[in-house]
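To keep things clear, I will list the structure first and then write my remarks on it.
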Amino acid sequence: MAARNSIRLMHCASQGINSEQPTLSDERFETANGDTCCLIFQTIHFPGVQSLQQVYNSLLFSLDNAEISLSERLGNVTVRDDYGDIDGNTFHARIVSTNDDGVATELNCIMMSQLLGGGACGEHPRGIITIDSVDRDDLYPYKPKERIRKDVFAAFVLADDSTPTTQGKTVITLRRAVYIKLHCPEFELSESVWQEQQFETTRWGDVLIKSMRSILYATP
């Protein structure tokens, strides 16, 4: 179900867009409750790679390490609790990150991944990865009086878009749709620090893509 919904979402988001060119749409807004939301649609091409499987593996690895890598770049302290595989393709993790100002954010999410053959979802094989935040966790409940809650829904769809015009090179296309909500803090926080938190929220996407490229195009 998650795989089909992800493909449907990407199909709707790409209507009227030239998928042969890299694209990026970034929309941000604030809710009546003061929560900051961001909606991102992006198309990225990886030409000259070995296979869909290779790009799929690099995406899985990069997603697994994106929050940690971003924390290291920003000088944050991050604690991660991995709950492990639920059914072989579903992974549950909780991440708490504290910046130099002592402000902590928490993310509790489930990641589902699947590599589908052509007969399962259309004309071409696809790699599907989705991330969804846990709304309630009785074991580790959210602490809105102490930490800023971050909710994430993300869908990543990989497809082989190689054509005769690519001159024999394998071209894998990544389409991603990401919705992020940064809940308005329920504790005292200066406006400048809050704005910095909002800015940092979407930077993990840049870290993710850089990580994938460093893996795929690493010099032997």
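The values are calculated or read from the model by the stated rules, or taken from the named source; none is laboratory data. These numbers come from a predicted model, not from an experiment. No Cβ is skipped: glycine too gets one built from the backbone with ideal geometry, and neighbour counts run over all protein chains shown.
If you take the residues in the stretch 20-49 that are among the acidic types (D, E) and part of a loop (DSSP other than H, G, I, E, B), which one is nearest to I215 (Cα to Cα)? Going through the qualifying residues, I end up with E20. State whether the residues of the stretch 117-127 include one that is surrounded by 13 or more Cβ atoms within 10 Å (Cβ to Cβ), in contact with a Lys or Arg (Cβ under 9 Å, 6 or more places away or on another chain) and either at pLDDT 85 or above or farther than 29 Å from H45 by Cβ (or both). No, there is no match, as no residue in the stretch 117-127 is surrounded by 13 or more Cβ atoms within 10 Å (Cβ to Cβ), in contact with a Lys or Arg (Cβ under 9 Å, 6 or more places away or on another chain) and either at pLDDT 85 or above or farther than 29 Å from H45 by Cβ (or both).
Whenever a residue of the stretch 197-220 is at negative phi, its partners that are in a loop (DSSP other than H, G, I, E, B) and of a type outside the set (S, T, N, Q), lying with C-beta atoms within less than 7 angstrom and at least six residues away or across chains, give the pairs Q197/V103; L216/V49. Only one entry in D206, D151 is part of a strand (DSSP E or B) and either more than 30 Å from V49 (Cβ to Cβ) or modelled with pLDDT under 90 (or both), namely D151. T130 - would you say it is over 14 Å from the mean Cα position of the chain (by Cα), hydroxyl-bearing (S, T, Y) and assigned to a strand (DSSP E or B)? So T130 fails the test. The single condition among (1) more than 22 Å from S25 (Cα to Cα); (2) in contact with a strand residue (DSSP E or B) (Cβ under 7 Å, 6 or more places away or on another chain); (3) of a type outside the set (F, W, Y) that L139 does not meet is (2). The residues of the stretch 65-95 that are at pLDDT 80 or above and either more than 24 Å from Q197 (Cβ to Cβ) or crowded, with 16+ Cβ neighbours inside 10 Å (or both), listed by number, are N76, T78, N89, T90, F91, H92, A93, R94, I95. Out of L158, L189, L174, one residue alone is farther than 23 Å from D64 by Cα and modelled with pLDDT of 90 or more. It is L189. Give me the residue from the stretch 182-204 that is closer than 27 Å to S62 by Cα and touching a helix residue (DSSP H, G or I) at 6+ places or on another chain (Cβ under 9 Å) and, out of that set, surrounded by the fewest Cβ atoms within 10 Å (Cβ to Cβ). Out of the qualifying residues, it is R203.
When T163, T173 are checked against the criterion of being surrounded by 19 or more Cβ atoms within 10 Å (Cβ to Cβ) and of a type in the set (V, I, T), T173 stands alone in meeting it.
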